[in-house]
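Heads up: the structure comes next, in structure tokens.
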Amino acid sequence: MNLRQFTKEGTLRAFAEHLPRLGDLGVGILWFMPIHPIGKVGRKGSLGSYYAVRDYRQVNPEFGTLRDFDRVVRRCHELDLKVILDWVPNHTAWDHRWISEHPEWYRRNDEGAIVPPVPDWRDVAQLDYGLQASTRLSPAQRELWSTMQQEMAFWVEDHGVDGFRCDVASFLPMRFWRETRRKLRRAGRELFWLAEADGPELHDRAFDASYGWTLQRGLDEVAAGKLEGRTLIRRLRREQKEYPSHALRMQMTSNHDANSWDGSALTRLGAAGAEAGAVLSFVFPGIPLIYGGQEAGLRHRLAFFEKDEIPWGEHRFQRLYRALAGWRRNHTALASDPNAGFRFLRTSDEDTLAFVRENGDQTLVGVFLLRPQAEVTAIEVHGLTEIVASEPSSSGLQRILSRQGRGGSTPPRRVSVRRAGRLRLCLGPWGFAVWTT
């Protein structure tokens with residue numbers, strides 16, 4: 001939720017009007033980009049970056065008040081929606097009171113000056129949590145850890161948030177995240193933890209979910225002609241082996257960074273690629289993300305430091321996402337553990353991603369041609385006879401969604417699992433098909 005851009009008013013009260021629509025869309029978790037007051041010293045643009053936090057316990061007055069936020073959280077919970085806050089622990093704005101009250105909490109250069117995390121992030125100052133390999137913390141670092149944990153607990157205990165999306169999570173020691181999760185659990189309920197980072201180690205007692213950059217950035221590269229689909233498939237295969245079975249990867253075609261700096265998903269992938277990517281993000285193992293505005297067919301970059309309202313309107317992607325969310329909630333093969341019953345299928349075409357997901361008596365098969373150019377491809381998918389399907393062979397797998405791609409032919413409506421050792425179909429660029437029992 002990019003609150004500044006979500007409505008004309010850019011406020012929590014105006015956003016609340018969208019909650020019934022989002023519930024109807026099938027959303028389960030609302031991730032709010034940082035809601036805190038934004039620093040004025042070194043501010044970028046006229047409104048500044050959400051990620052230059054001036055006070056962790058307040059709401060940006062441009063958005064409203066703490067009471068407005070509490071009303072939104074209560075209404076979300078009434079609609080069975082969870083709320084997670086985008087948390088920025090790595091750095092603060094230059095006019096955060098800690099700069100003057102606790103300068104020992106910040107990292108300094110050889111000349112003794114407080115520094116930004118990277119030169120381009122000139123609007124924020126780097127906090128010093130110690131190094132990843134550190135075994136002992138200084139008294140100042142220990143005090144910073146404890147204070148930041150108290151700031152996070154404030155939103156859990158006093159304002160009902162259900163978890164956190166943790167900005168640049170890999171910049172902080174993993175020990176901090178494990179300890180913080182353990183301490184905040186004492187607030188009486190389990191929270192949801194999303195890391196803006198990737199790597200198997202994040203899922204060792206720290207985070208539930210991490211960024212699926214492999215798929216998102218890979219689709220961008222395939223669309224731009226910089227990567228072959230087969231290379232992306234090899235990366236996805238390697239990733240499935242490296243991550244623990246309980247790890248959720250956040251699958252997406254866009255997010256606030258990708259949109260603002262690289263363009264909308266429709267711009268980067270084209271309409272066909274954006275549709276294929278949206279479907280893949282929902283049926284491939286992981287947890288899917290919709291960046292606010294994608295359901296309205298958002299086609300332009302939203303300004304990061306200025307007001308730039310999302311142009312809302314009915315769009316076919318609204319219907320697509322609603323259908324995908326419904327299938328995901330009701331299909332046990334998608335609602336199960338992220339990697340349970342998942343395996344890749346062999347295909348005759350190296351740029352074709354094919355896989356099966358099984359759970360109990362429900363099965364899903366997905367086939368995606370990761371190729372944007374115009375050739376029509378005849379594809380054979382092998383290994384279907386290994387699927388354990390309880391459905392009668394006369395029914396088998398039923399096609400629920402497909403796009404044959406330009407020049408391709410409509411994929412078969414039914415696939416008899418027990419009879420077919422191979423599935424044959426003909427797909428054009430960005431063609432795909434999904435079948436379920």
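Values in this text are rule-based calculations from the coordinates and carry no lab data. Keep in mind it's a predicted model, so treat the numbers as computed, not measured. Heads up, the Cβs are rebuilt from the backbone with ideal geometry, glycines too, and the neighbour counts pull from every protein chain shown.
Structure data summary
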{"quantity": "Prolate/oblate/rounded call for the stretch 140-210, Cα gyration tensor, a/c under 1.5 rounded", "calculated": "oblate"}
{"quantity": "Gyration tensor (alpha-carbon) shape descriptor, the stretch 215-296, a/c threshold 1.5", "calculated": "oblate"}
{"quantity": "Simple label model, 7 Å out from Cα along Cβ direction - residue 373 to residue 323, nm", "calculated": "3.0"}
{"quantity": "Cβ-defined net charge surrounding residue 185, 15 Å radius [Lys, Arg +1; Asp, Glu -1]", "calculated": "+2"}
{"quantity": "Net length gained if the chain between residue 157 and residue 46 were fully extended (0.36 nm per residue, minus Cα distance)", "calculated": "36.6 nm"}
{"quantity": "Dimensions in Å of the chain - Rg and Dmax from alpha carbons", "calculated": "23.0, 76"}
{"quantity": "Ranked packing of 205-214, 284-293, most packed first, by mean Cβ within 10 Å", "calculated": "284-293, 205-214"}
{"quantity": "Highest to lowest packing among 69-79, 353-363, scored as the average C-beta count within 10 Å", "calculated": "353-363, 69-79"}
{"quantity": "MRE, 222 nm, helices only [DSSP H, n ≥ 4, -39500 (n - 2.57), over the chain, to nearest 500]", "calculated": "-9000 deg cm²/dmol"}
{"quantity": "Packing-based exposure ordering (other Cβ within 10 Å, fewest first) of 253, 135", "calculated": "135, 253"}
{"quantity": "Most to least packed among 89-101, 219-231 [average Cβ atoms within 10 Å]", "calculated": "89-101, 219-231"}
{"quantity": "Entries of 82/226; 8/40; 82/183; 82/307; 8/82 with Cα pairs more than 31 Å apart", "calculated": "82/226"}
{"quantity": "Charge context of residue 4, other residues only, Cβ under 13 angstrom, K/R +1, D/E -1", "calculated": "-4"}
